[in-house]
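Undergrad: Dropping a structure here in structure tokens format, bear with me for questions.
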Amino acid sequence: MKIKYIRCSTSIQNISRQEVNSNEFDQVFIDFVSGSVPFFEREKGKLILELLEEGKLTSVTVQSIDRLGRNLYSTLETIKRFHESIIPVPVIIENLGITTLDPKTKKMDYTINLMISVMAIFSELE
């Protein structure tokens with residue numbers, strides 16, 4: 001199951017930028033919650049975790065890295081959880097044009113890890 005995850009801090013914020021191409025996904029999850037709340041503790045994050053643990057996910061797409069977490073540690077832990085599930089699940093970050101897992105090796109290469117880390121640090125500084 002291909003899913004798209006959308007997050008905004010409040011329901012009054014515009015999510016249209018994140019909704020682009022939503023019709024390409026099997027399911028779209030929208031959370032209105034602070035990015036400081038750990039991903040799998042969010043309302044929709046808990047539902048995604050259930051699907052992950054059931055082995056039903058094939059990919060998770062977010063518009064930008066800061067949708068996953070507000071700091072480097074939280075972001076990397078979220079990605080790690082997707083990678084270490086029964087079936088490793090890639091996270092696709094649209095604005096960077098990257099996928100966290102190499103389709104052949106099912107591992108995250110060092111370049112992608114570096115890019116994600118740098119972008120997560122920028123998110124933390126915001």
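Residue by residue, here is whether (1) touching a Leu at 6+ places or on another chain (Cβ under 6 Å); (2) more than 26 Å from residue 122 (Cβ to Cβ); (3) without any contact (Cβ under 8 Å) to a residue 40 or more places away in the chain; (4) not in a helix (DSSP H, G or I) holds:
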position: 14; (1), (2), (3), (4): no, no, yes, yes
position: 35; (1), (2), (3), (4): no, no, no, yes
position: 51; (1), (2), (3), (4): yes, yes, no, no
position: 81; (1), (2), (3), (4): no, no, no, no
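Undergrad: Go through (1) assigned to a loop (DSSP other than H, G, I, E, B); (2) charged (D, E, K, R); (3) over 14 Å from the mean Cα position of the chain (by Cα) for residue 70 and report which single condition fails.
TA: Among (1) assigned to a loop (DSSP other than H, G, I, E, B); (2) charged (D, E, K, R); (3) over 14 Å from the mean Cα position of the chain (by Cα), the lone unmet condition for residue 70 is (3).
Undergrad: Out of (1) among the acidic types (Asp, Glu); (2) more than 15 Å from the chain's Cα centre (by Cα); (3) modelled with pLDDT of 90 or more, the odd one out for residue 109 is which?
TA: For residue 109, the exception is condition (3).
Undergrad: Let me ask something else. So in segment 33-83, with the set limited to residues that are of a type in the set (Phe, Trp, Tyr) and at pLDDT 95 or above, which one is most open to solvent (accessible area, probe 1.4 Å)?
TA: Only one residue tops the list, namely 40.
Undergrad: Scan segment 16-32 for residues that are open to solvent by less than 80 Å² (accessible area, probe 1.4 Å), closer than 16 Å to residue 64 by Cβ and assigned to a loop (DSSP other than H, G, I, E, B) and jot them down.
TA: Selection gives 21 alone.
Undergrad: In segment 114-126, is there at least one residue being open to solvent by 80 Å² or more (accessible area, probe 1.4 Å), assigned to a loop (DSSP other than H, G, I, E, B), in contact with a helix residue (DSSP H, G or I) (Cβ under 8 Å, 6 or more places away or on another chain) and modelled with pLDDT under 90?
TA: Yes; the residues of segment 114-126 include at least one that is open to solvent by 80 Å² or more (accessible area, probe 1.4 Å), assigned to a loop (DSSP other than H, G, I, E, B), in contact with a helix residue (DSSP H, G or I) (Cβ under 8 Å, 6 or more places away or on another chain) and modelled with pLDDT under 90.
Undergrad: Name the single residue, out of those in segment 84-113 being assigned to a helix (DSSP H, G or I) and open to solvent by 60 Å² or more (accessible area, probe 1.4 Å), that is farthest from residue 18 (Cα to Cα).
TA: 110
The values are calculated or read from the model by the stated rules, or taken from the named source; none is laboratory data. The shown structure was predicted, so the numbers you read here are calculated from the model rather than taken from an experiment. Because the Cβ atoms are built from the backbone with ideal geometry, glycine has one as well, and the counts that use them run over all protein chains shown. These area figures cover heavy atoms from the full protein model, side chains too; ligands, DNA and RNA do not enter into them. Shrake-Rupley method; radii C 1.70, N 1.55, O 1.52, S 1.80 Å.
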